[in-house]
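*Asks:* First the structure, then my questions, so here it is.
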Amino acid sequence: MPLKIALTKGRVEKQVIPLLEAAGIDCSGLKQKNRKLIINTSDDRFQFILAKGPDVTTYLNSGAVDLGIVGSDILTEHRNQQSELLDLRVGQCQFVLASTSDFNFNQPGRKVIGTKYPLITQLYFESLGQDVEIIKIEGSVELAPLIGLADAIVDITETGRTLRENNLYVYDYLDQVSTRLVANRMSLKQHAGEIFELADQLEQVVEQGSASK
Ligand code: PRP
């Protein structure tokens with residue numbers, strides 16, 4: 001039986017494939033997958049399941065997959081209960097509080113904050129002793145202060161380009177984010193040898209990558 005790995009589709013997937021290849025894992029199926037969602041490696045050691053980040057945590061929690069590759073933003077927001085094995089040091093970005101140029105961080109009254117990450121936002125404002133109204137948004141969070149839906153947003157930024165092109169400014173920096181390898185707790189007991197072998201191989205690749213930077 002191959003180890004089942006839920007891999008976050010999109011940016012994470014693209015940045016993780018070179019690491020998997022450097023660790024000796026056949027990614028030819030992943031690179032030519034078209035619309036396929038389940039992809040086996042040629043040696044049948046692994047099976048990749050492509051999913052959205054929040055669903056990776058759902059699959060991990062239910063035991064539908066043995067391993068997940070997902071951003072730490074999603075793990076924090078969904079209160080990860082499984083075993084985080086490795087920081088893959090890709091998909092690096094940063095949580096920020098951002099808004100338009102006229103935003104006043106110290107404005108009186110209860111601020112309205114738009115975000116894809118209500119828990120992280122709530123914890124951040126709690127740490128400041130501020131009670132805010134949080135509006136959950138599914139995508140293009142940057143629109144919220146531009147159309148008058150929210151006073152500010154809490155979102156992740158990678159290059160800063162989306163903020164810049166929409167005339168938004170950073171008012172505070174929150175946690176850093178990166179992609180993590182996570183194991184379902186039961187799978188880790190049952191397949192400890194194979195899972196730790198994979199984690200060790202990936203760790204070597206990550207260390208080599210950092211050394212050459
Ligand atoms: C994320 C984030 C920002 C954007 C930032 O969105 O929510 O919108 O990336 O990246 P940048 O700093 O490099 O411009 P994503 O692309 O994941 O899509 P979404 O807005 O549809 O969720």
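*Asks:* Just for the Cα atoms in segment 154-201, what are the lengths along the principal axes, largest first, rounded to whole Å?
*Replies:* Sorted largest first, the three principal extents are 51, 19, 14 Å.
*Asks:* Calculate the translational D of segment 1-81 in whole µm² s⁻¹ from Stokes-Einstein, where the hydrodynamic radius comes from the Kirkwood formula applied to all Cα pairs, the temperature is 25 °C and the viscosity 0.890 mPa s.
*Replies:* 192 µm²/s
*Asks:* For the chain, what is the relative contact order in percent, using Cα pairs closer than 8 Å and at least 6 residues apart in sequence?
*Replies:* Result for the chain is 27 percent.
*Asks:* Same structure again: Which of the listed residues, Y169, I156, L146, is farthest toward the dipole's positive end in segment 141-188, when Lys, Arg count +1 and Asp, Glu count -1 at the beta-carbon?
*Replies:* Selected residue: I156.
*Asks:* Calculate the spin-label point distance for D200 paired with K9, positioning each point 7 Å from the Cα along the beta-carbon direction, and give it in nanometres.
*Replies:* Roughly 3.5 nm, to one decimal.
*Asks:* Pop a pseudo-label 7 angstrom from the Cα along the beta-carbon direction at both N34 and K189 and give the gap in nm to one decimal.
*Replies:* Placing both labels 7 Å along Cα→Cβ, they lie 4.2 nm apart.
*Asks:* On to the next question. Would you mind calculating the gained length between A22 and N106 on full extension (0.36 nm times residue separation, minus the Cα-Cα distance), in nm to one decimal?
*Replies:* Full-extension gain reported as 25.4 nm.
*Asks:* Mind ranking H191, H78 by accessible surface for me, highest first, 1.4 Å probe?
*Replies:* Sorted by accessible area, descending: H78, H191.
*Asks:* Between D131 and Y173, take the C-beta separation as r, use R0 = 22 Å, and let me know the FRET efficiency to the nearest 0.05. Each step should come with its number before you reach the end.
*Replies:* Working: r = 22 Å, r/R0 = 0.98.
So the FRET efficiency works out to roughly 0.50.
*Asks:* Using a 7 Å offset from Cα along Cα-Cβ at N166, what residues in segment 93-130 end up with backbone N under 11 Å from the label point?
*Replies:* Inside the label zone: 98-100, 114-116.
*Asks:* Any idea what the alpha-carbon Rg over 2.2 N^0.38 Å comes to for the chain?
*Replies:* 1.13
*Asks:* Taking every pair of distinct Cα atoms and averaging 1/r, then inverting, what Kirkwood hydrodynamic radius in Å comes out for segment 93-176?
*Replies:* 12.6 Å
*Asks:* In the full protein assembly as shown, how much of S212 is accessible to a 1.4 Å probe, in Å² to the nearest 10?
*Replies:* 100 Å²
*Asks:* Another one. Quick one: accessible area per residue over the chain, 1.4 Å probe, rounded to a whole number of Å²?
*Replies:* I get 53 Å² per residue for the chain.
*Asks:* Work out the length of the dipole vector of the chain about its Cα centre, built from +1 on the beta-carbon of each Lys and Arg and -1 on the beta-carbon of each Asp and Glu, and round it to the nearest 20 debye.
*Replies:* 540 debye
The values are calculated or read from the model by the stated rules, or taken from the named source; none is laboratory data. The structure presented is a predicted model; accordingly, all values stated were derived computationally and were not measured. Backbone-built Cβ (ideal geometry, glycine too); neighbour counts: all protein chains shown. Remember, those area values only see protein heavy atoms, side chains included, never the ligands or the DNA or RNA. Shrake-Rupley method; radii C 1.70, N 1.55, O 1.52, S 1.80 Å.
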